[in-house]
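In what follows, a single structure is set out as structure tokens and then discussed.
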Amino acid sequence: MHRRFLMIIFTFVLLIWGFLSCKKLDEYPKEPQITYKNFYKIPSGAAADGYGIIEIDFTDGDGDVGLNETNINPPFDSSSVYYYNFFIDYYEKQRGTWIKPVLYETFNARIPVLNTSNGDQPLKGTISIQVPINNFTSTYDTIRFDCRICDRALNMSNTISTPEIIIKKH
């Protein structure tokens, strides 16, 4: 009986230790949140700058950031703003004022599905996107990007801005 009592106590202690040592998942709002992390130019060897990388840190409480190849039906069709889920606006500093010029290409991108588990799971990480940085139809050499992301539940994140980026024009 003494041995049985010790075994029960040992099992009880193991259960409590196991319960207390379980790592609690981080909790974040269900809407994605982003912060600016970094921007760097990709060396091209040319006289003019061509491309750069925007890096953002993000959190998402329910882990539904990202689109897969099957996310092409409404609201994720190509005629919808939600075909993309990483939105990037390009600005030029023209005579001291930030202007969003009319461009013939989009800077927006698709983030792939990041949570491959079967349930809602908080996500935290870094996303890097390559973007063209030189508007060759413009003479202005100071730019910035505004970025935001959207999850599959159509929750839009906050918007971040890169610092001023000086580019070589020729």
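We did not get these values from a lab; they are worked out from the coordinates using the rules stated. Every value quoted in this text rests on a predicted model; they were computed, and no experiment measured them. So basically every Cβ, Gly included, is an ideal-geometry build from the backbone, and we count neighbours across all protein chains shown.
Here are the numbers for this structure:
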{"quantity": "Under 16 Å from the Cα of Lys41 - aspartates and glutamates, other chains or at least 8 residues apart", "calculated": "Asp49, Glu55, Asp141, Glu164"}
{"quantity": "Calculated FRET efficiency for the pair Glu69/Lys100, C-beta based, R₀ 30 Å, to 0.05", "calculated": "0.45"}
{"quantity": "Cβ-Cβ FRET estimate between Tyr51 and Thr159, R0 fixed at 25 Å, reported to 0.05", "calculated": "0.65"}
{"quantity": "Relative packing of peptides 131-144, 103-116 - highest average C-beta neighbours within 10 Å first", "calculated": "131-144, 103-116"}
{"quantity": "Near-label residues of the stretch 124-143 by backbone N, under 20 Å of a point 7 Å along Cα→Cβ of Ser44", "calculated": "129-143"}
